[in-house]
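Right, one structure below, let's go through it.
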Amino acid sequence: MNAVTLNGLSKTYSNGKKAVDSVNICLSAGEVFGFLGPNGAGKTTTVKLLNGMLTPTEGSCTVFDINPAANPQKAHALSGVVTEHAQMYDAMTGMENLVFYGSLYGINPSESEERGKALLRELELTYAENQKLASYSTGMRQRLSLARALIHQPRILFLDEPTSGLDPESAQNVHRMIHRLASEHGITVFLCTHQLRYAQEICTRYGLMEEGRLLAEGTLDTLRLQICSGMTLKVKASRIPETLLCKNTAPGAFELQIQSEEEIPAIVRKIVEQGGDVYHISAELPSLEDIYFHLTGKEQTT
Ligand SMILES: Nc1ncnc2c1ncn2[C@@H]1O[C@H](COP(=O)(O)OP(=O)(O)OP(=O)(O)O)[C@@H](O)[C@H]1O
Ligand SMILES: [Mg+2]
């Protein structure tokens, strides 16, 4: 059984905007799926379709074989969701919120409290357990909403920008937790994010969206093969022969595109034979960021 299936999934909003356009994706249980794409690509719309908050205009989607629009309760029992605007109650404490959301899933208060304490510990929020939500910062709310999404021990987590508004340390904690949930508890994760470096660390597969269409899908290795094969050779040398096609990125720093490591010895030999001194050399495979910018045709700024 697939954890997630999108089958020709399309959604056109009432204003005529086709936000999701014939998307096909199959995810196995235990995958950490990075759903990437620029603003307006259709990521949130897809998550809403997978949570039964929207109904497809064409095609279909399932979560563990359940159609979320037809069986929202069954789908919700299996899914935890963190969106950008999580609804929680300002007048209640962090723990009261967790116990309340636990009760919606039929979990008794003492069980919710026990699970809640463990989650808050992991998210480094124990100190704010009895603080009213009104006094929480954005980052604290974001982490509490992750705890809320996990209170009923879902099989799949939908995370729509779970680290937006978090400082780098908290964002790293959340990413570590996502990784642990998948690797130790076998939870499937569907993660919409713009943080490509973190995504590359924790995701097992990726889907790249633009203007409602799925541009590419697969593991990092398959995306590398399909989209930017080869690697970048970074060389620090006093000088480099003109016959080597390379980009001069900084004084004494050069970059060459090569297809395999086999080419490196000949390149080094050429530099040395022409009187150049080599200080440093490294070959790098394309990163997720390289693939993303290559596909979306946008200029890389870093
Ligand atoms: N309720 C709505 N009615 C009409 N159009 C909408 C609605 N919600 C979203 N859209 C449009 O659908 C497209 C996809 O939006 P969506 O929110 O799914 O993108 P996204 O990939 O999540 O973007 P972001 O990275 O900014 O979160 C956008 O053009 C957006 O303006
Ligand atoms: Mg979005």
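The values are calculated or read from the model by the stated rules, or taken from the named source; none is laboratory data. Model, not experiment: these values are computed from the prediction. Cβ atoms come from the backbone with ideal geometry, glycine included; neighbour counts cover every protein chain shown. For accessibility, only protein heavy atoms count, side chains too; no ligands or nucleic acids. Shrake-Rupley method; radii C 1.70, N 1.55, O 1.52, S 1.80 Å.
Of S183, S79, which has the most accessible area with a 1.4 Å probe, and how do the rest follow in descending order?
Heavy-atom accessible area, descending, gives S183, S79.
Let me check something: with ligands and nucleic acids excluded, how do C246, C26 order by accessible area (1.4 Å probe), largest to smallest?
C26, C246
Rank Y136, Y279 by accessible area, highest first, at a 1.4 Å probe radius?
Y279, Y136
Going by a ≥ b ≥ c, the root eigenvalues of the Cα gyration tensor, does region 20-87 fall in the rounded group (a/c under 1.5), the prolate group (a/b larger than b/c) or the oblate group?
rounded
What accessible area per residue comes out for region 168-214, rounded to a whole number of Å², with a 1.4 Å probe?
Counting only protein heavy atoms, the per-residue value for region 168-214 is 46 Å².
How big is the gap, in Å, between the Cα center of region 135-191 and the Cα center of region 68-90?
Cα centroid to Cα centroid, the span is 14 Å.
Ignoring ligands and nucleic acids, what accessible area does R141 show with a 1.4 Å probe (Å², nearest 10)?
Near enough 80 Å² of accessible area.
What part of the accessible area of the chain, given as a whole %, is carbon or sulfur when the probe is 1.4 angstrom?
On the chain, the fraction of accessible area on carbon and sulfur atoms equals 48 percent.
Report Y89's accessible area, 1.4 Å probe, all protein chains in place, as a number in Å² to the nearest 10.
110 Å²
Could you compute the net charge surrounding G212? Neighbours are other residues with a C-beta less than 14 Å from the C-beta of G212; K and R count +1, D and E count -1.
Details: positive: K11, K17, K18, K43, K48, R213; negative: D21, E58, E210, E211.
Taking every Cβ under 14 Å from that of G212, the sum is +2.
Take the alpha carbon gyration tensor of region 231-284, find the square roots of its eigenvalues, order them as a ≥ b ≥ c, and report rounded if a/c is under 1.5; if not, report prolate when a/b exceeds b/c, else oblate. Walk me through the numbers before you get to the answer.
Details: a/c = 1.56, a/b = 1.18, b/c = 1.32.
Taking the square roots of the gyration eigenvalues as a ≥ b ≥ c, region 231-284 is oblate.
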